[in-house]
Amino acid sequence: MNCACDAPGLMPIEHAMEMIRDTISPISEVTQCPLSDALDRVIAQDIISPINVPAYDNSAMDGYALRYADFLQSKTLKQVGKSLAGNSFEGEIKAGECVRIMTGAEIPTGADTVVMQENTSANELEITFLKASMGDAIRPAGDDIKKGAVVLQAGARISPIDIGLLASLGFASVPVFRQLKVAVFSTGDELLAVGNTPRDDRIFDTNRPMLVAMLSKLGAEVFDLGIIPDSKDQIRAAFEQANALADCVVTSGGVSVGEADYTREILEEYGSIDFWKLAIKPGKPLAFGSLPNSIFFGLPGNPVSSAVTFDQIAAPALAYLAGCKTKKVDLLPAIAATPFRKRPGRTDYQRAFYFVNENGELNVETTGSQSSGVLSCFRQSNCYAVLENERGKVNEGEIVHILPFTNIISSV
């Protein structure tokens, strides 16, 4: 395969993503999930509305319901009752009559117009109308959702707004795909679990807590298997346990060519590796393949590389595995407000900050060091500046394509 890479054998990210999609079979098991537990689950079947929302014609404001033809005959009408939300006016409005009505209350039979109270003058039960327009301030039945309409399509991930929408239709539970199960562990004798006393010869395990948090944003059930030492037998046992528990195994570290990097060696024996070097930066040493009952992603050990490769490669794949139908996110053109350093050869996901300048133009600037070990750079960033394989240094004023962070990376 020919590609513009800065080292032989590197695979373009687009080809890698195609291979991943071709390998994955989405979860097909369906279960009924209580609405209270449905946040971030994936809808398995189209949700059809069993009712109209609203269920009846109702008032969009506080005022008076009347027959517009009566308003044309006389500007003063007699108030004959009230219609409140949950306590409707009983009966029918007759000629020369009006009904006091509150927001959300059912429109009385015979009425075809609501006049807001600011356009009226009341003298006990005689109401004088200063102005009115036919059909004003009436929300018809089904104005929001019509009975029989598709409310949520299969493959949609349920959001907080969707929870409210489903509640408005009376759904106590919804059909969803079985929850995605992901096992996570880190490898390396140099790693120290958080909470332990710092040591000069160890580093705290950054990636595993970060990846567990990212997976929670995908609605996955996570099995955290901890830190596995650089022992071939223990790494093999960890893979066997993870494969028995999960649909996907995500590891951090151990996918390069160091003397003690056993992950690749074990996977070649226990499963299969489809690729392990990508033409992206950060994140070149990334592994993907299959275990007997699951797929796996072997992410790089450097924290930024791990975050970027999970966000851009693993997360879309896991969403697909979970049955989620996602739309491709288009890159946005922006003007470089600062230079960006880059060498041709790999697609570079540089952490950056976009903003709109005083002329209403979308601008983007670098947020400093792009080292794969500088995780704090994400805190000053809100997007990636995606610099193409063949591109070199970017000068101020050139067009750069950006990809705003999703909630996988940022809470903003």
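Where a number appears in this text, it was derived from the coordinates with a stated rule and is not lab data. Since we're looking at a predicted model, the values are computed, not measured. Methodologically, a virtual Cβ is constructed for each residue, glycine included, from the backbone with ideal geometry; neighbour enumeration extends over all protein chains shown.
Projecting label points 7 angstrom from Cα along Cα→Cβ for SER36 and THR103 puts them 3.0 nm apart.
Fully extended, how many nm does the chain gain between ARG379 and LEU331 (0.36 nm per residue separation, minus their Cα-Cα distance)?
Values: separation 48, 0.36 × 48 = 17.28 nm, distance 2.10 nm.
Extra length available between ARG379 and LEU331 comes to 15.2 nm.
By how many nm would the segment from GLU90 to ALA69 grow when fully extended, if each residue of separation counts as 0.36 nm and the alpha-carbon distance is taken off?
Values: separation 21, 0.36 × 21 = 7.56 nm, distance 2.11 nm.
Gain on stretching GLU90 to ALA69: 5.5 nm.
Across all directions, the average flat footprint of the convex hull enclosing the Cα atoms of the range 332-404 is 4.5 nm². Here the Karplus curve 6.51 cos²θ - 1.76 cosθ + 1.60, taken at θ = phi - 60°, turns the phi angles of the range 142-155 into couplings of x, 5, 8, 9, 8, 4, x, 6, 6, 8, 10, 8, 3, x Hz, with x standing for Gly and Pro. Scaling the Cα radius of gyration of the range 268-334 by the globular reference 2.2 N^0.38 Å produces a ratio of 1.24.
Against the chain, whose longest principal axis comes from its Cα atoms, helix 232-245 is set at around 20 degrees. Size check on the range 217-324: the Cα extents along the three principal axes, sorted descending, read 36, 32, 24 Å. Computed log10 I(q)/I(0) for the range 58-139 at 0.14, 0.16, 0.17, 0.23 Å⁻¹: -0.34, -0.46, -0.52, -1.01, from the Debye equation with unit scatterers placed on every C-alpha and solvent omitted. FRET efficiency for the ASN293 to GLN117 pair, using the beta carbon distance and R₀ = 51 Å, is estimated at 0.15.
A Cα-only calculation for the range 260-412 places Rg and Dmax at 17.0, 59 Å. With neighbours defined as other Cβ atoms within 10 Å of a residue's Cβ, the residues ARG379, ARG178 order from fewest to most as ARG379, ARG178. How tilted is helix 207-217 with respect to the longest principal axis of the chain? Cα atoms for both, answer in degrees (0 to 90, nearest 10). Once rounded, the angle reads 30 degrees.
Work out the FRET efficiency for ILE24 and GLN241 from their Cβ-Cβ distance, taking R0 = 25 Å, and round it to the nearest 0.05. Kindly include the intermediate steps, with their values, before the conclusion.
Values: r = 22 Å, r/R0 = 0.87.
Once rounded, the FRET efficiency stands at 0.70.
Backbone phi angles across the range 92-107, fed through the Karplus curve with coefficients 6.51, -1.76 and 1.60 (θ = phi - 60°), yield HN-Hα couplings of 10, 5, 10, 4, x, 10, 9, 10, 5, 9, 9, 4, x, 6, 5, 6 Hz in residue order; Gly and Pro are listed as x. Here Cα extents along the principal axes in Å was computed from the coordinates, and among (1) 60, 54, 51; (2) 94, 52, 47; (3) 60, 53, 39 the match is (2).
Return the equivalent ellipsoid semi-axes of the range 97-219 as a descending list in whole Å, where each equals the square root of 5 times an eigenvalue of the C-alpha gyration tensor. Don't jump to the answer; show the numbers that get you there.
Working: eigenvalues 739, 86, 20 Å².
Square roots of five times the eigenvalues give 61, 21, 10 Å.
For CYS383, list long-range residues whose amide hydrogen, built 1.01 Å from N in the peptide plane, is under 5 Å from its own amide hydrogen. Here ALA352, TYR354, PHE405 satisfy the definition. Extending 7 Å from the Cα toward the beta-carbon at both LEU130 and LEU362 defines two label points whose distance is 4.6 nm.
Can you tally the net charge around LYS131? Count Lys and Arg as +1, Asp and Glu as -1, for every other residue whose Cβ sits under 13 Å from the Cβ of LYS131. Working shown, then result.
Values: positive: LYS75; negative: GLU118, ASP136.
Spelling it out: positives minus negatives among the neighbours equals -1.
What's the extension gain from ASP201 to GLU269 if we count 0.36 nm per residue and subtract their Cα-Cα distance? Mind showing how you got there, number by number?
Details: separation 68, 0.36 × 68 = 24.48 nm, distance 3.14 nm.
That pair, ASP201 and GLU269, stretches by 21.3 nm at full extension.
Taking θ as phi - 60° and the Karplus parameters 6.51, -1.76 and 1.60, the scalar couplings of the range 165-180 work out to 4, 5, 5, 5, 9, x, 6, 8, 8, 9, x, 10, 6, 3, 5, 5 Hz in sequence order, x denoting glycine and proline.
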